[in-house]
Amino acid sequence: MKLKTLLFSGALFTFAAINAQKPIVIQEDSLNLGANRYPAISVLIPEVKYEKTRKNWIRKQETGTKSKVVDDAGKMSIFGAKSKNVSPDPFNILSMLADQDSVLRLTAAFEIRKDVYIERSTGEAELAKAKTFLFDFAKDQYTDLVNDQLKQEQSKLKDLEKELRSLEKRQSGMEKDIRTGNRQLVTEREKLTLLNNELTTSTTALAEHNAEYMVMEPGDEKDAKARYIKDLEKQKRSTVRSIKKSEKRIRNAESKISRANRAIPKNDSTQERIRRLINDQENVVQLFSDKLSKVKAFK
């Protein structure tokens, strides 16, 4: 029950988290490194984790070139980066990644020729390409994050659905136990009636034959009577054993039916709670699905 409560609380928290969604913001900026200041472009990436984004940004810069990024506590540089989406020729990137609470700020300066950095004065086309390069990177990071969030929520939904199926299966089993137990009760009670009748008959017959035996003269007839009485006693003991077994089966069936009748209402109640959680979680999944669609549509 504690797990279900936590899941429900998590669902409420998730609604709040989705409502706090922020856009990707890109703007012309400047990059301060040491005593130098460079024309740059910055992009704000909502929600993503610093370390994962840092690794992906390094990988992005190194793609297509043998050059390696030099990373000094989030201040990076690479010489000879290659991307036709930015420039037909290799270029240099100076950048800095900073964590600003719920967003990361990535600021990058693109040096396309010696001491010439992409900015509005170098041309609108080049500036637009550099902005797109950064924006696409930011969008990929945000898309991956929301996609992971969606998968996590879908996994929670599957777990709840699995739990519901388990409860339904258990309920079906308990209902079957009740039906089987009731049939067994009818059978065993009928059998017990017959066995008790047999016991009564055997007891009466034993009493009669024992009385006859007591007054018989010794001889073959009395010996035969003794054997007959012995067979009756054996039959009676067998009947008594059968009665005990039947009574035990009746007790077991009644106990199983009683347990099932007590457990079914609790199971029904739990199923109802799980169904409500599933409904809540389906809404959460839909919200994350919508969120993913919106992020993918960012331009």
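The values are calculated or read from the model by the stated rules, or taken from the named source; none is laboratory data. Just so it is clear, the model here is predicted, and its values are computed rather than measured. Counting neighbours? That spans all protein chains shown, and the Cβs are built from the backbone with ideal geometry, glycine included.
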(request) Look through Glu272, Glu175 and report the one residue that is under 30 Å from Ser155 (Cβ atoms), in a helix (DSSP H, G or I) and at pLDDT 95 or above. (result) Glu272
(request) Run down Leu31, Leu44 and say which single residue is within 17 Å of Thr132 (Cβ to Cβ) and in a strand (DSSP E or B). (result) Leu44
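For the subset of region 70-94 comprising residues that are at positive phi and in contact with a strand residue (DSSP E or B) (Cβ under 9 Å, 6 or more places away or on another chain), which member is surrounded by the most Cβ atoms within 10 Å (Cβ to Cβ)?
So, considering only residues that are at positive phi and in contact with a strand residue (DSSP E or B) (Cβ under 9 Å, 6 or more places away or on another chain), the one surrounded by the most Cβ atoms within 10 Å (Cβ to Cβ) is Gly74.
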(request) Quickly run through region 8-42 and pick out the residues that are at pLDDT below 90, touching a Phe, Trp or Tyr at 6+ places or on another chain (Cβ under 8 Å) and within 20 Å of Val86 (Cβ to Cβ). (result) none
(request) Please work out which one of (1) farther than 30 Å from Tyr213 by Cβ; (2) free of Cβ contacts under 8 Å to residues at least 40 places away in the same chain; (3) not aliphatic (A, V, I, L, M) is the condition Ser246 fails and give its number. (result) (2)
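From the list Thr107, Thr204, Thr143, which residue is out of contact with any helix residue (DSSP H, G or I) (no Cβ under 7 Å at 6 or more places or on another chain) and assigned to a helix (DSSP H, G or I)?
Exactly one of Thr107, Thr204, Thr143 is out of contact with any helix residue (DSSP H, G or I) (no Cβ under 7 Å at 6 or more places or on another chain) and assigned to a helix (DSSP H, G or I), namely Thr204.
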(request) Run down Lys60, Lys68 and say which single residue is modelled with pLDDT of 95 or more, among the charged types (D, E, K, R) and not in a loop (DSSP other than H, G, I, E, B). (result) Lys60
(message) Just the residues that are basic (Lys, Arg), surrounded by 13 or more Cβ atoms within 10 Å (Cβ to Cβ) and modelled with pLDDT of 90 or more, please, taken from region 223-244.
(response) Lys236
(message) of a type in the set (Gly, Ala, Ser) and buried (at least 19 other Cβ atoms within 10 Å of the Cβ): is that true of Ala98 in this structure?
(response) no
(message) Of all residues being within 29 Å of Pro46 (Cα to Cα) and acidic (Asp, Glu) in region 132-173, which is surrounded by the most Cβ atoms within 10 Å (Cβ to Cβ)? Just the residue, please.
(response) Glu153
